[in-house]
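Scroll down for the structure; my scribbles are underneath it.
The values are calculated or read from the model by the stated rules, or taken from the named source; none is laboratory data. Computed from a predicted structure; not experimentally measured. All accessible areas refer to the heavy atoms of the entire protein, side chains included, with ligands and DNA or RNA removed. Shrake-Rupley method; radii C 1.70, N 1.55, O 1.52, S 1.80 Å.
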Amino acid sequence: MSLTVKNKDTIKSFWAKVAPRAEEIGTDALSRMLVVYPQTKTYFSHWKDLSPGSAPVRKHGKTVMSGVAEAVSKIDDLTNGLLTLSELHAFQLRVDPANFKILSHNLLVVLAIQFPDDFTPEVHVAMDKFLSALALALSEKYR
């Protein structure tokens, strides 16, 4: 499923609204993932506190959203643009790529909650397609 020009414009426009609150959104999405999908905690066993909103969750939520921001800026070539992140997750962190989809789902939930007026069906579809393409790009080095 490729992103159309209209999808890309919708994503960029919506991201401009999201970006100022990226850290809060990342923290909420990661917190939700760790609670709703406890199997994802295995990747963060070195953290002292995995509770929602804890310092390590906030820090990594910010890191995740920095990666999403990078993806938005490289939306025309996600695979090559995110190659370094793909290599990091595949070879060093060894994250199961199924977790990218889990986090994407949680991001969509948080975006819908925090932007009820802006998260229209059109934005929902564009963001879902974008996050799916992002997950696929991050999975590139697993092949």
Inset, instruction - Can you send over the carbon and sulfur percentage of the accessible area for the range 27-116, probe radius 1.4 Å, protein chains only? - result: 57
Legend entry - Square roots of 5 times each gyration tensor eigenvalue, C-alpha, the chain, largest first, Å: 23, 19, 12
Legend entry - Exposure of LYS59 as accessible area (Å², to 10), given a probe of 1.4 Å and all protein chains: 150
Inset, instruction - Just need the relative contact order of the range 1-81 here, percent rounded to a whole number, with Cα pairs under 8 Å and 6+ apart. - result: 34
Legend entry - Fluctuation leader among ILE113, ILE75, ILE11 - the chain, Gaussian network, Cα springs under 10 angstrom: ILE113
Inset, instruction - Determine the order of LEU103, LEU93, LEU82 by accessible area, beginning with the largest, at a probe radius of 1.4 Å. - result: LEU93, LEU103, LEU82
Inset, instruction - Round to a whole angstrom and tell me the spacing of the C-alpha centers of the range 1-19 and the range 40-83. - result: 20
Inset, instruction - Using a 1.4 angstrom probe on the protein heavy atoms only, line up ASP77, ASP117 by accessible area, largest first. - result: ASP117, ASP77
Inset, instruction - List the aspartates and glutamates whose Cα lies under 19 Å from the Cα of LYS62, skipping any in the same chain that are fewer than 8 positions away. - result: GLU23, GLU24, ASP28, ASP49, GLU70
Legend entry - Contact order relative to length of the chain, as percent, for alpha carbon pairs under 8 angstrom and 6 or more apart: 35
Inset, instruction - Sort the range 47-120 into rounded, prolate or oblate with this rule: let a ≥ b ≥ c be the square roots of the eigenvalues of the Cα gyration tensor; rounded if a/c is under 1.5, and if a/c is not under 1.5, prolate when a/b is larger than b/c, oblate otherwise. - result: oblate
Legend entry - Accessible area (Å², per residue) of the chain, counting only protein heavy atoms and a probe of 1.4 Å: 55
Legend entry - Percent breakdown of C-alpha pair distances by 10 Å bin, ordered from the shortest bin, for the range 5-64: 23, 42, 23, 11, 1
